[in-house]
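One structure is given below, encoded as structure tokens.
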Amino acid sequence: MKKFGLFMILIVCLSGCQRSEVEVEKVSIPHNFINESITSIMEESTNQYAQEVVDEVTEEEKEVEVTSEEESYLFYLEEGGRFELPVRGATGYAAVGMSLHREADAGSTVIQTLNPGEGFTILEEVGEWWQVEVNDLGMTGWLQKRFTLINLPDIIPSIIYNNTNTYASLFRSSRVEIPNITGVALYEGKDFNGRFEREEFIMPVLYGMAVKVNDAQQLALADGNTLIIYEAFRPHDAHEVVYHHLSNLVSTNPYVHAGVTAKTFTMGWFLAPSPYNHQRGTAIDVSLGSVDEWEIQTTGPYAFKHITAYTEYIMQTPMHELSAQSALFYGPVNAHSTTAWHGANFLDIVTAETMQLIGYVTATGLTPLASEWWHFNDIESTDFAIEIGVLGRFQIDRSHSVPPVLNVDE
């Protein structure tokens, strides 16, 4: 018989635990951050991350009756899944030009070559391969999943997604608006998502990074918090437009210039020329909030936690403030190293909430950027993206998502 412990927790909370304020135990991390406790968290298995939530079930909560209708839904993480929902039915995109094979074998017949950015629906996962349906081509075949981007909302629906760059960019520098950028929609990135039957942001990252984002969210949820992702993949063209207008502002406004060069930083630390990790699908811009209200929603045979109300914590600056006001450290730190930041000294302006966010996200293998408290890279995925030549010279504005079907083994 399958376990439904996590579902029981959620039913109890829905029926008897509503309150106007969620008690959140804040993590207070000293400014000489990175100690043995954080290192030990980073070494825990991802299965333990998910199990932390299940272990919180009390004996009283275990006795809550679950109706037969409720029992028909599965919580994928509890069933041993890698994400909150299966990849089956999720949207993926080719990160580079890649071959669509007739079978899950690199030596099998190539049916078609997909262009970078071309979207598809994932039908099944077998080892390192996905069987996919390419709607635009009207064909089904197999792709190697490590060369693809996957849409985060499809597999981690509990995260709050708010890509402001798709409707009103928040970019400023030293609190000064960037002409033709601030308040402007920089690219399209929202579409009807058939998996959830609603409009939803499209937030792709390279598949290898998605695993780490999921684990960070499970750590946050265990504390009554949630990640708030403002951006994942950013198209090359959109990035170039922002870079151009910020460069003009920095060169003509001494106050803004001073802001991006303080503490020995340069403009490139706040907006580097392409190709940038956002174009590679190996970076996220993320904040943190407390969960105020949530409900259980379903898609196909699976149930998941959907946050309906949250309170974003006050961080040291607003999101996308491109100046040294947003810096974590007293100066630049090697952005290509996964460990160089361990010995860096945090600025006094870094808030406890920022430190808490860092704790969740770095525990799963992501690396902070010295100049922006919200920006985290997956260095491992970045190295791979550089190796295979991911440039992000495409637009992603369509969802191909459908409800997941039940695997016969579940």
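Coordinate-derived values only; no laboratory data. The model shown is predicted, which means the values in this text are computed figures rather than measured ones. Note that each Cβ is placed from the backbone with ideal geometry, even for glycine, and that neighbours are counted across all protein chains shown.
General observations
- Relative contact order (percent, whole number), region 67-166, Cα cutoff 8 Å, 6+ residue spacing: 28
- Taking label positions 7 Å along the Cα-Cβ direction at both Glu133 and Val110, the computed distance is 2.6 nm, reported to one decimal.
- Relative contact order of region 263-410, pairs being alpha-carbon contacts under 8 Å that are 6 or more residues apart, as %: 31
- Each residue of region 128-136 is assigned a 3J(HN,Hα), and the resulting list reads 8, 10, 10, 8, 10, 10, 9, 4, 5 Hz, derived from the Karplus form 6.51 cos²θ - 1.76 cosθ + 1.60 (θ = phi - 60°), x at Gly and Pro.
- Global form of region 85-150, assessed from the alpha-carbon gyration tensor, a/c cut-off 1.5: rounded
- Cα-based shape type of region 308-409, given that a ≥ b ≥ c are square roots of the gyration tensor eigenvalues and the cut on a/c is 1.5: prolate
- All other residues whose Cβ lies under 13 angstrom from that of Glu312 are scored, Lys and Arg at +1 and Asp and Glu at -1, for a net of -2.
- Mean Cβ neighbour count within 10 Å, used as a protection proxy, ranking 274-281, 380-387 highest first: 274-281, 380-387
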